[in-house]
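The values are calculated or read from the model by the stated rules, or taken from the named source; none is laboratory data. Since this is a predicted model, take the numbers as computed values, not measurements. We place every Cβ from the backbone using ideal geometry, glycine too, and count neighbours over all the protein chains shown.
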Amino acid sequence: MMNIPFGRVRFCDGVSRRNFLRVGTFAFGAVNLTLADIMRAEAAAKQNDLPRTSHKAVINIFLGGGPPHQDMWDLKPDAPKEIRGEFSPIATNVTGIQIGETFKRIAKMADKFAFIRSVVGAKGGHDAFQCTTGWPQQSLAPIGGRPSLGSAVMKLQGNVDPSVPPFIGMAEKTQHGPWSDPGQTGFLGSTFAPFRPSGPDMANMTLNAANKDHMPDRKKLLSGFDDLKREMDAAGTLRGADAHTARAFDVLTSSKLVDAMDISKESQKTRERYGDGKPYQFQFDGAPTVNEHLLMARRLVEAGARVVTLSYGRWDSHGKNFDLVRDHGAKLDQCLTALVEDLDVRGMLDDVTVIAWGEFGRTPQINAGAGRDHWPAVSSAILAGGGMKTGQVIGSTDRTGGAAKDRPVSFGDIFATLYRNLGLNPETTAINDPTGRPQHLTDGTALPELI
């Protein structure tokens with residue numbers, strides 16, 4: 001954890017240049033290293049001939065636990081009662097598309113969304129791995145595994161703004177750790193780990209209800225950063241440091257990054273549109289329904305982030321499935337539509353892809369506890385933005401929602417689409433693994449229906 005003194009910093013009072021450099025020490029993954037080290041390694045590893053694009057971005061919302069597709073986007077009103085459940089389908093603003101009654105706001109703007117009802121290939125693990133990489137967890141495991149979308153994009157495209165990390169993971173810590181995995185670095189190593197505002201990386205840089213009593217007010221916080229940077233400049237310390245140390249200090253003292261994290265800068269009306277997701281219910285060992293994370297994700301993308309991941313809710317509905325969907329679904333309905341509306345109003349929707357999905361689906365058969373159990377055979381996803389052709393449904397399942405009936409879509413296909421939306425050609429772009437072999441970003445093909 002970093003510890004920054006507030007107010008003036010005088011080197012003659014005991015803060016040495018060595019100690020100043022150690023202020024930039026963060027915890028990325030399981031490795032402690034300075035941000036300057038990370039910047040140097042990134043520069044050394046980057047292949048200059050790989051493509052760079054204008055600022056495209058992805059906001060990846062992981063619905064950890066396995067959301068029930070047949071109670072959300074793929075209702076089966078004609079199935080037997082023990083399969084169809086308690087919800088009725090409702091019409092949307094797109095002729096012929098119906099979704100679950102819990103999602104009234106999404107129904108009114110379904111033309112901005114694409115619903116994939118036939119996601120196949122889930123391996124059944126209670127983790128985010130396939131939803132952050134597009135690959136099975138065992139793929140390339142002997143050499144570190146596959147890198148997540150955020151890590152790959154960080155390597156291939158780098159920073160939009162030197163003071164804003166390109167890959168940010170906002171997942172709150174969960175008792176079941178794999179549900180708060182923002183995306184692993186795989187064979188790329190810790191250099192390309194996500195910056196985690198909710199973890200040790202910015203524990204003293206964010207002002208929230210959890211640490212208000214332990215920090216000065218926000219103005220004093222930013223004043224401390226500004227004073228520190230001015231003193232460094234005046235003393236020539238930054239000029240004497242190498243470029244990577246200077247860049248690390250830019251991130252560490254960036255008012256832009258801190259500002260992006262500060263949703264109090266948004267109007268009360270905007271914050272009310274997103275909601276706060278409280279009270280948190282059905283959380284148990286999973287993530288809370290923090291609606292404000294979607295607002296923060298939008299602000300981080302505006303500031304220059306390329307990939308933002310977050311974990312929303314705990315959807316492992318072995319019991320009280322319908323109560324859970326009423327709670328989680330209504331909250332997701334509110335914040336997801338607010339996010340898409342905001343991106344649209346700001347002219348960002350064509351550049352930012354939003355996806356919400358889980359690691360697998362749920363059983364057609366309702367169990368004795370009014371729940372649905374794990375069902376890797378088929379699941380669903382909802383997407384928006386990215387310049388995609390929305391207002392459509394892709395794929396379908398059989399009459400019970402138990403198997404893909406037509407147009408099965410793999411995790412790799414979805415990731416190929418995400419990479420394409422970011423300006424990376426999934427068919428030709430590769431990253432060399434530690435053995436020197438080029439590895440493709442995905443084994444899928446971008447969905448022609450969306451592009």
Worksheet item: Can you name the number of the only condition in (1) assigned to a loop (DSSP other than H, G, I, E, B); (2) over 18 Å from His374 (Cβ atoms); (3) among the basic types (Lys, Arg) that Lys123 fails?
Response: (2)
Worksheet item: Name the residues in region 312-328 that are closer than 23 Å to Arg273 by Cβ and in contact with a helix residue (DSSP H, G or I) (Cβ under 8 Å, 6 or more places away or on another chain), would you?
Response: Tyr312, Gly313, Val325
Worksheet item: Could you say whether any residue in region 428-437 is touching a Ser or Thr at 6+ places or on another chain (Cβ under 7 Å) and either of a type outside the set (Ser, Thr, Tyr) or in contact (Cβ under 8 Å) with a residue 60 or more places away in the chain (or both)?
Response: no
Worksheet item: Would it be correct to say that Leu447 is in contact (Cβ under 8 Å) with a residue 40 or more places away in the chain, under 30 Å from Lys108 (Cα atoms) and part of a loop (DSSP other than H, G, I, E, B)?
Response: yes
Worksheet item: Looking at Leu140, Leu156, which is the one that is out of contact with any Leu (no Cβ under 7 Å at 6 or more places or on another chain) and farther than 15 Å from Gly329 by Cα?
Response: Leu140
Discussion item. Quick test of your reading of the structure: Val290 fulfils all but one of (1) under 25 Å from Pro178 (Cβ atoms); (2) not in a loop (DSSP other than H, G, I, E, B); (3) not polar (S, T, N, Q). Name the failing condition by number.
Written reply: (2)
Practice prompt. Taking Pro178 as meeting all but one of (1) buried (at least 17 other Cβ atoms within 10 Å of the Cβ); (2) within 22 Å of Leu294 (Cβ to Cβ); (3) modelled with pLDDT of 90 or more, write down the number of the exception.
Written response: (1)
Worksheet item: Can you tell me how many residues in region 418-451 are among the polar types (S, T, N, Q), buried (at least 16 other Cβ atoms within 10 Å of the Cβ) and within 19 Å of Lys389 (Cα to Cα)?
Response: 1
Discussion item. Given the condition crowded, with 24+ Cβ neighbours inside 10 Å and farther than 25 Å from Glu266 by Cβ, answer yes or no: does some residue in region 334-353 qualify?
Written reply: no
Discussion item. The conditions are (1) out of contact with any Lys or Arg (no Cβ under 7 Å at 6 or more places or on another chain); (2) closer than 25 Å to Lys278 by Cβ, and Thr337 fails exactly one of them. Which is it?
Written reply: (1)
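Results for (1) under 26 Å from the mean Cα position of the chain (by Cα); (2) not small (Gly, Ala, Ser), shown as yes or no for each residue.
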| site | (1), (2) |
| --- | --- |
| Asp342 | yes, yes |
| Val345 | yes, yes |
| Gly358 | yes, no |
| Pro364 | no, yes |
| His374 | yes, yes |
| Ala403 | no, no |
| Pro408 | yes, yes |
| Phe411 | yes, yes |
Item to complete: Return only the number of the condition from (1) in a helix (DSSP H, G or I); (2) in contact with a Lys or Arg (Cβ under 7 Å, 6 or more places away or on another chain); (3) not aliphatic (A, V, I, L, M) that Pro178 does not satisfy.
Response: (2)
Worksheet item: Taking interchain pairs and intrachain pairs at least six residues apart, which have beta carbon atoms under 6 angstrom, with the first residue in region 81-97 and of a type in the set (A, V, I, L, M) and the second crowded, with 18+ Cβ neighbours inside 10 Å and at pLDDT 95 or above?
Response: Ile83/Pro364; Ile90/Ala107; Ala91/Gln98; Val94/Ala110; Ile97/Ala110; Ile97/Val393
Practice prompt. Determine whether region 442-450 contains at least one residue that is within 20 Å of His55 (Cα to Cα) and of a type in the set (Val, Ile, Thr).
Written response: no
Worksheet entry | Single unsatisfied condition, Asn93 versus (1) crowded, with 22+ Cβ neighbours inside 10 Å; (2) modelled with pLDDT of 95 or more | (1)
Worksheet item: Failed condition for Lys389, given (1) surrounded by 19 or more Cβ atoms within 10 Å (Cβ to Cβ); (2) in contact with a Leu (Cβ under 6 Å, 6 or more places away or on another chain), with all others met?
Response: (1)
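Quick grid of which residues meet (1) modelled with pLDDT of 95 or more; (2) surrounded by fewer than 19 Cβ atoms within 10 Å (Cβ to Cβ):
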{"site": "Thr245", "(1), (2)": "no, no"}
{"site": "Phe249", "(1), (2)": "no, no"}
{"site": "Met261", "(1), (2)": "no, no"}
{"site": "Ser267", "(1), (2)": "yes, yes"}
{"site": "Gly277", "(1), (2)": "yes, no"}
{"site": "Ala287", "(1), (2)": "yes, no"}
{"site": "Met296", "(1), (2)": "yes, no"}
{"site": "Val308", "(1), (2)": "yes, no"}
Worksheet item: Would it be correct to say that Arg299 is among the basic types (Lys, Arg) and either under 25 Å from Gly386 (Cα atoms) or assigned to a strand (DSSP E or B) (or both)?
Response: yes
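The rows are residues; the columns are (1) at pLDDT 95 or above; (2) crowded, with 24+ Cβ neighbours inside 10 Å; (3) of a type in the set (S, T, N, Q).
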position: Pro51; (1), (2), (3): no, no, no
position: His55; (1), (2), (3): no, no, no
position: Ile59; (1), (2), (3): yes, yes, no
position: Gly65; (1), (2), (3): yes, yes, no
position: Asp71; (1), (2), (3): yes, yes, no
position: Lys76; (1), (2), (3): yes, no, no
position: Ala79; (1), (2), (3): yes, no, no
position: Phe87; (1), (2), (3): yes, no, no
